[in-house]
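Everything on this sheet refers to the single structure shown next.
The values are calculated or read from the model by the stated rules, or taken from the named source; none is laboratory data. What you are looking at is a predicted structure, and each value in this text was computed from that prediction instead of being measured. Cβ placement follows ideal geometry from the backbone for every residue including glycine, while neighbour counts extend to all protein chains displayed.
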Amino acid sequence: MKPFDYRTATDMGTAVAEVSGRPDARFVAGGTNLVDHLKLGVAEPDLLVDITAVTSAAVEDRDGGLWIGAGVRNSDLAADRRVRERYPVLAQALLSGASGQLRNMATTGGNPLQRTRCVYFQDVTTPCNKRVPGSGCSAIGGYTRYHAILGASEHCVATHPSDMAVALSALDAKVHVLTPEGERSFPFVDLHRLPGEKPDQDTRLQHGDLITAIELPPSPFAQQSRYRKVRDRASYAFALVSVAAALDVADGIVRDVRIALGGVAHTPWRAYKAEQVLRGQPAEVASYRLAADAEMADARALDGIDGGNGFKIPLVTRTLVATLRDLT
């Protein structure tokens, strides 16, 4: 591990100024992803600024929704009665991620920013455009079982690993950020970006921007929501495919719906095409299959030394149909 300086932040403004002023500086809180990358040599910062003491660990009722401080631990958020009752998809997503020990450390602000678990990204002996821009993508034609079927590019086919982020995308959450220029907020679905020609840029945040809170808006039907995760092991495994869905049905007709997919793209994938197909349709399996087919129309499988990831396309359809069927 490369030696680095370590400082404890006294306030958020100073922390943002310190990190934004040095391209080799990073924030650290729970450290469940960053510490792994320090050990592997994937991340080699010269300075870590610990923001644990200055980020809020409170969950508050605001304007009918919830305001969640960036310092709230994943285990605490999953156990919060308001989350379990009003936004069950989020509690289920949190509990399906990592292990109990990791959830006790991981934070609301850090979890959506975790980086891909692509084996080539984490192996510094192999070329990876996300780790070293312009070096190439070893995953293309390599081990592709966990890789993207939507939104990939010739420069990167990695997927985003966070379960929590998939649920937040489906819930129309909002991100609050402190930047060197001041505070700003924007929809959670705009936080992450597709790889394009710059796969090293996971999000639209600038260096030194600090997530301070996640806001969940009031929702008339978020109580009717589910998270379903398909993985190789029953626990402590990343998603091959996951679905976060909230459904509003009246008189057998879908009035409104929110769907997001995990394990399929460089971002938590909001399934807008499936949502559009479903609205106004009968709440039945045939409609759910049509919606899934619409979303998968642009999916592209990857060939690889492991047989490729074409199995994900029908797996998304089956998982989405099963999730929506459970909700009705």
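Data for the structure
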quantity: Complete set of residues in region 164-188 that are at positive phi and free of Cβ contacts under 8 Å to residues at least 40 places away in the same chain; calculated: GLY182
quantity: Any hit, region 126-136, residues being in contact with a Lys or Arg (Cβ under 6 Å, 6 or more places away or on another chain), touching a residue at least 60 places away in the same chain (Cβ under 8 Å) and either assigned by TED's automatic domain parsing to the domain that holds TYR272 or not basic (Lys, Arg) (or both); calculated: no
quantity: Close pairs (6 angstrom Cβ cut-off, 6 or more residues apart or separate chains): among the hydroxyl-bearing types (Ser, Thr, Tyr) in region 97-110, part of a loop (DSSP other than H, G, I, E, B) anywhere; calculated: SER99/TYR236; THR107/ALA29; THR107/GLY30; THR107/GLY71; THR108/ALA70; THR108/VAL72
quantity: One residue from ASP256, ASP326, ASP293, ASP306 being part of a strand (DSSP E or B), on the phi < 0 side of the Ramachandran plot, over 22 Å from the mean Cα position of the chain (by Cα) and charged (D, E, K, R); calculated: ASP256
quantity: Residue in region 125-142 that is at pLDDT 95 or above and under 12 Å from the mean Cα position of the chain (by Cα) present; calculated: no
quantity: Every residue from region 64-105 that is on the phi > 0 side of the Ramachandran plot and either among the aliphatic types (A, V, I, L, M) or at pLDDT below 95 (or both); calculated: ALA98
quantity: Check on PHE238, more than 25 Å from GLY308 (Cβ to Cβ) and not aliphatic (A, V, I, L, M); calculated: no
